[in-house]
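The structure under discussion appears below in the form of C-alpha cells.
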Amino acid sequence: MKRIATLILLFSLAAVTVMGQDIDLQMAVATQALNQNMLMELDMTEAEAGKILALQEQFRLIKEQTALDLNVIKAQIAQKLYYPDAKSNEVNRLLEKASDLRLEQEKAQVEAYLQIRKQIGEENWSKLLLRARAVLRSRQQAQNDIRNDPGSRGSQGSPQPSGPNTR
C-alpha cells in the first residue's frame, strides 16, 4: 500500500513538472534556442553574441547536472520502495531533495533569462520574443495538424460520411 501511495505521489510530481514546463516554454525558447545566426540577425556583434551564448551554455550545463542528480534521486527512491519495510521519512527526504534541485534549476533559468535580456537590450528582446512566439505557434500548429490528420498513426479521427447524401 505504501508503494502504491508513493508511486501515485511520484506520478503527481511528474504531472506538476510537465505543467510547469508548459508555463515557461516561451521563456525557454527565448533563452535556450538562441544560436549565433539568430543573434547576428538582432544586429549584435560577435563579442555580444558570444557572451549570450556563454550564458546559455552555462545554464545548459546546470540543467544537465540537475537532470543527472534527479535521476540518481529517482533511483534511490525506487530502491527504498523496493523493500517492504520502506520508511516514508527517508522517501520524503529524497523527495524534498528533488524538489530543492528543481527549485535551483528554475532559479538558474530565471537568472539566465534576466542576464540575457539585460545583455541584448529591450528592443532586441522584443524581437526575440516575437520570434519565439512564432516558433511556438508553428510547433503547436504542427502538433494540431498531426492530431487532426485521420491518416496519422494513433489518430482518433471521426469517420467521414460517404455516399450521395453527405451534405
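Read-outs: derived from the displayed coordinates by stated rules, not from any lab. The model shown is predicted, which means the values in this text are computed figures rather than measured ones. Backbone-built Cβ (ideal geometry, glycine too); neighbour counts: all protein chains shown.
Between Asp100 and Leu136, the simple label model (points 7 Å from Cα in the Cβ direction) yields a spacing of 3.2 nm. Here the spin labels are modelled as points 7 Å beyond Cα on the Cα-Cβ line, and at Ala78 and Glu57 they lie 3.3 nm apart.
For region 26-136, the calculated P(r) over all alpha carbon pairs, in 5 Å bins from 0 to the bin holding the longest distance, is 2, 11, 19, 17, 12, 9, 9, 7, 6, 4, 2, 1, 0 percent. Lysine pair count for region 26-136 (Cα-Cα distance under 25 Å; residues 8 or more apart in sequence or on different chains): 17.
Charge tally for Lys97 (other residues, Cβ to Cβ under 12 Å; Lys, Arg +1; Asp, Glu -1): -2.
For region 33-87, just say rounded, prolate or oblate: build the C-alpha gyration tensor, square-root its eigenvalues into a ≥ b ≥ c, call rounded for a/c under 1.5, and beyond that prolate if a/b exceeds b/c, oblate if not. Don't skip to the end; give the middle numbers.
Working: a/c = 8.65, a/b = 5.29, b/c = 1.64.
Prolate, because a/c is 1.5 or more and a/b exceeds b/c.
Assuming R0 = 25 Å, can you tell me the calculated FRET efficiency for the pair Leu68 and Lys118, based on Cβ-Cβ distance, to the nearest 0.05? The formula returns an efficiency of 0.30 here.
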